[in-house]
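The values are calculated or read from the model by the stated rules, or taken from the named source; none is laboratory data. From a predicted model like this one, the values you see are computed outputs, not experimental measurements. Backbone-built Cβ (ideal geometry, glycine too); neighbour counts: all protein chains shown.
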Amino acid sequence: MDRDAIVFGAGNIGRGFIGQLLSESGYAVTFVDVDRDLVTALNREGSYHLQTVFNDDVHDLRIGPVRAIHGSDLEAVATAVAGARLGATAVGAGALKHIAPAIARGVERRAAINAPPLNLIICENLKGAAAVFRDLLSAAIAPSCRPYLADQVGLVDTVIGRMVPIPTPEMRARDVSFVRVEPYKELPVDRRGFRGEVPVVSAMTAEDDFGVFTARKLYVHNCGHALLAYAGYLRGHEYGYEALGDAAVRRLLDGGLAESIGGIVHRYGCRRQWLEDHARDLLGRFANRALGDTVFRLGRDPVRKLQSADRLVGAATLAWASGRLPTHLAWGIAAALCFDPAADPVAVHVQGLLREQGIGTGLRQLTGLDPEAELGRAVVRAYQALRQDPRAECPA
């Protein structure tokens, strides 16, 4: 049990990050996934090919030992949960409800023998994901086992910073388990989520003040990607690294990140230099041509990315609370409202809503911003300027 780990989701983050860290830390990793071809390949090989790339710097690694279980085999999944000491989820926030019943069955088996604590790192792009998942598990588990769940099952929030683009169909055809990633390797986790001793895992640091790491990921990393994507799209770029090389995009990106950092410093009291160093590192990573990250992938699903606490509006609200009107972030929000690729049905929906409702009502509905308040008015002005000329630049 001490060296067995279970990872729900053998996708980009499951294989491309968490599986690597657990394997490097001496764990035998069991993946749970619903991709039958991938499950078959992992069981056949007992390992998988991970490649780190930074422009022309390429390193090939073999990650193992691993095995895999199909998610529909609830008995096998429950048995693996019962025998694991550490695990993670990387299934996407919307799929947490689907894995909760099988994990609950495994926890019931652990409770029956009073097994040592099980800690699960919740690697989902959802604020407060551990609390959400604890509620799902509590609803799925036998009431008699809820005390064991509360006392002996740790659910640990984290933020994932590694960039892992979706493998192309050609990559998958050559090797369904192959995954290409950037070299960046850092896994901050919320110390308060653990039960028992905090395990030693490669690149993992248990943090006491975890809120600032969540803010850094959302309002620097994700915010930076969004600014790059939406401004880059309007200026006709296909790839993120191309947009980064556009001086106008770079000015908006630098200005927006400076505003966001100011808001984080004001809210959390952290060192500005720490955040500025992180932003500088990110900009270098955004220039990684080998990842082939497109502005479409970075910008798709603008409804989610325009929510009031998410990467753009949340950052702008933090910055505004510090006493500074975040003009660059307002332009970033406006650029997101102009994002209209036909291949993204969510973006198509946004454009239809704005045509029907107008920018004032649409802004309030999509972002929660008041179009009559100063920040809302700044977004409306920017939106109107970009509708007239998609290549218009933020005047600040």
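Taking first residues from segment 87-104 that are assigned by TED's automatic domain parsing to the domain that holds A129 and partners that are of a type in the set (F, W, Y) and buried (at least 24 other Cβ atoms within 10 Å of the Cβ), the Cβ contacts under 8 Å between residues at least 6 apart in sequence or on separate chains come to G87/F8; A88/F8; T89/F8; A90/F8; A90/F17; V91/F8; I99/F8; I103/F8. Looking across segment 30-46 at every residue that is in contact with a Lys or Arg (Cβ under 7 Å, 6 or more places away or on another chain) and surrounded by 15 or more Cβ atoms within 10 Å (Cβ to Cβ), the one that is nearest to L74 (Cα to Cα) is identified as T30.
Does A10 satisfy the criteria of being modelled with pLDDT of 95 or more and within 19 Å of R134 (Cβ to Cβ)?
Numbers: modelled with pLDDT of 95 or more: yes; within 19 Å of R134 (Cβ to Cβ): no.
Judged against the criteria, A10 is not a match.
Counting only residues that are exposed (fewer than 15 other Cβ atoms within 10 Å of the Cβ) and in contact with a Pro (Cβ under 9 Å, 6 or more places away or on another chain), segment 361-395 holds 1 of them.
For I333, the criteria (1) touching a Lys or Arg at 6+ places or on another chain (Cβ under 8 Å); (2) under 28 Å from D246 (Cα atoms) hold in every case but one, which is (1). Can you work out which of the residues in segment 48-67 that are more than 25 Å from G292 (Cα to Cα) and not aliphatic (A, V, I, L, M) is surrounded by the fewest Cβ atoms within 10 Å (Cβ to Cβ)? Checking each candidate, the answer is P65. Checked against (1) within 26 Å of the chain's Cα centre (by Cα); (2) assigned to a helix (DSSP H, G or I); (3) touching a residue at least 24 places away in the same chain (Cβ under 8 Å), Q365 passes all but a single condition, namely (3). Taking (1) touching a helix residue (DSSP H, G or I) at 6+ places or on another chain (Cβ under 9 Å); (2) surrounded by fewer than 18 Cβ atoms within 10 Å (Cβ to Cβ); (3) more than 18 Å from T214 (Cα to Cα) in turn, Y239 satisfies each apart from (2). Would you please name the residue that is surrounded by the fewest Cβ atoms within 10 Å (Cβ to Cβ), looking only at residues in segment 250-289 that are touching a residue at least 40 places away in the same chain (Cβ under 8 Å) and among the aromatic types (F, W, Y)? In this case the residue turns out to be Y268.
Pick out the one residue from G64, G71, G19 that is under 15 Å from L120 (Cα atoms) and assigned by TED's automatic domain parsing to the domain that holds I99.
Numbers: G64 fails: under 15 Å from L120 (Cα atoms); G71 fails: under 15 Å from L120 (Cα atoms).
It is G19.
If I ask for residues that are in contact with a strand residue (DSSP E or B) (Cβ under 6 Å, 6 or more places away or on another chain), within 16 Å of V200 (Cβ to Cβ) and either free of Cβ contacts under 8 Å to residues at least 40 places away in the same chain or not in a loop (DSSP other than H, G, I, E, B) (or both), which ones from segment 1-27 would you list? The answer is D4, A5, I18, Q20, L22, S23. Just so you know, in segment 45-93 the residues that are of a type in the set (S, T, N, Q) and assigned to a loop (DSSP other than H, G, I, E, B) include one that is nearest to the chain's Cα centre (by Cα), and it is N55.
In segment 106-210, which strands (runs of 3 or more DSSP E) lie fully inside it and hold 3 or more residues that are under 26 Å from N43 (Cβ atoms), in contact with a strand residue (DSSP E or B) (Cβ under 7 Å, 6 or more places away or on another chain) and not assigned by TED's automatic domain parsing to the domain that holds R297? Quick ask: steps written out before the conclusion?
Numbers: elements: 118-122, 153-157, 179-181, 187-190, 204-207.
Passing ranges, in order: 118-122, 179-181.
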